[in-house]
1. Surrounded by 16 or more Cβ atoms within 10 Å (Cβ to Cβ) and in contact with a His (Cβ under 7 Å, 6 or more places away or on another chain): which single residue out of Ala32, Ala53, Ala43 fits that description?
2. Which pairs have Cβ atoms under 8 Å, sit 6 or more apart or on different chains, and link a residue in the stretch 62-89 that is of a type outside the set (Gly, Ala, Ser) to one that is assigned to a loop (DSSP other than H, G, I, E, B)?
3. Any idea which residue in the stretch 26-75 is nearest to Gly93 (Cα to Cα), counting only those that are small (Gly, Ala, Ser) and out of contact with any helix residue (DSSP H, G or I) (no Cβ under 7 Å at 6 or more places or on another chain)?
4. Of the conditions (1) within 20 Å of Asp26 (Cα to Cα); (2) of a type in the set (A, V, I, L, M, F, W, C); (3) over 14 Å from the mean Cα position of the chain (by Cα), Ala65 clears all except one; give me its number.
5. Just wondering, is there one or more residues in the stretch 36-46 that are within 11 Å of the chain's Cα centre (by Cα), in a helix (DSSP H, G or I) and at pLDDT 95 or above?
Amino acid sequence: MKHPNPTLFSTLSLAACLACTAARADSSLDKAILDIEHQWAHAMYQVPDKDKAQAFAKLDKEAKAVADRFPKRVEPLIWEAISLSGHAKAEGGLTGLGMAKESP
């Protein structure tokens, strides 16, 4: 079957491909954010106090990596800041204060 307007068909096909790519990117971001949320909840509520700083240090790195992977999105920056604040709380004292100042 011949399409009545091949240019229009090509344009619509390209738009559909771009929309699928954007949806996949959002899905990847959503999965990464959900993973960070779960790790934060685990570190905050299930990890013993003496191990919290180490758990948050690991989470800080992962949140930073997600923020770097999605530089035009704000959600990873928010979770990076939440992780850093949890880490600062776990460290306490002046160490925690210095870390809180680093938050994005």
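The values are calculated or read from the model by the stated rules, or taken from the named source; none is laboratory data. Just so we're clear, the structure is a prediction, and the values are computed from it rather than from any experiment. Cβ coordinates were reconstructed from backbone atoms using ideal geometry, including for glycine residues, and neighbour counts include every protein chain displayed.
1. None of the other options fit; the residue is Ala53.
2. Taking only residues 6 or more apart or on different chains, the pairs are Pro76/Phe70; Leu77/Pro104; Glu80/Ser103; Glu80/Pro104; Leu84/Ser103; Leu84/Pro104.
3. Going through the qualifying residues, I end up with Ala41.
4. Unmet condition: (3).
5. Among the residues of the stretch 36-46, at least one is within 11 Å of the chain's Cα centre (by Cα), in a helix (DSSP H, G or I) and at pLDDT 95 or above, which makes the answer yes.
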